[in-house]
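The structure appears below as structure tokens.
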Amino acid sequence: MKVFFLLICSVFFSFNIYSQSTAKCYPTNWWAGMKWNKVQLMLHADSGFSFTDKFTLNINYPGIKVEKINIVENKHYLFVDILIAPNTKAGLAFINVNTIIKNNTFKIPFEIKERRKGKGINFAQGVT
């Protein structure tokens with residue numbers, strides 16, 4: 001029983017050591033055709049990755065342009081200023097992060113949603 005427990009523990013720890021780094025993006029989406037088309041994204045990386053390492057970041061999606069990358073004191077956070085063109089189509093974009101030294105690559109999904117018709121007149125009526 002003791003050997004089985006040690007085997008399970010070693011397998012669990014080996015998966016954690018060799019797992020790839022992941023990051024999340026906040027907000028997770030934005031809308032095409034919005035008046036405010038400049039959006040600041042907050043990227044949060046897990047403990048396996050640090051934004052202080054040398055890396056490249058890009059978004060290969062028509063109509064989205066990375067304007068500025070803001071590196072902050074906390075190595076697990078990064079702020080990215082993007083510009084979304086008014087004619088950008090709805091779809092799923094990916095923020096590509098590539099580390100130069102560790103040769104680690106991951107993609108962070110960022111969705112461009114279709115804006116509702118009516119600009120708030122048909123569905124956001126408030127309290128009467």
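Here, each number is a calculation from the coordinates, and none is a lab measurement. What you see is a predicted model, and the numbers here were worked out from it, not measured in a lab. Heads up, the Cβs are rebuilt from the backbone with ideal geometry, glycines too, and the neighbour counts pull from every protein chain shown.
Below is a table of values for the structure above.
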item: Rounded to whole Å, sorted largest first: equivalent-ellipsoid semi-axes of region 71-113, Cα gyration tensor; result: 25, 14, 8
item: Gyration tensor (alpha-carbon) shape descriptor, region 47-97, a/c threshold 1.5; result: prolate
item: Sparse-neighbour loop sites [trypsin sites (Lys or Arg not before Pro); region 74-112; at most 14 other C-beta within 10 Å; DSSP]; result: LYS75, LYS89, LYS102
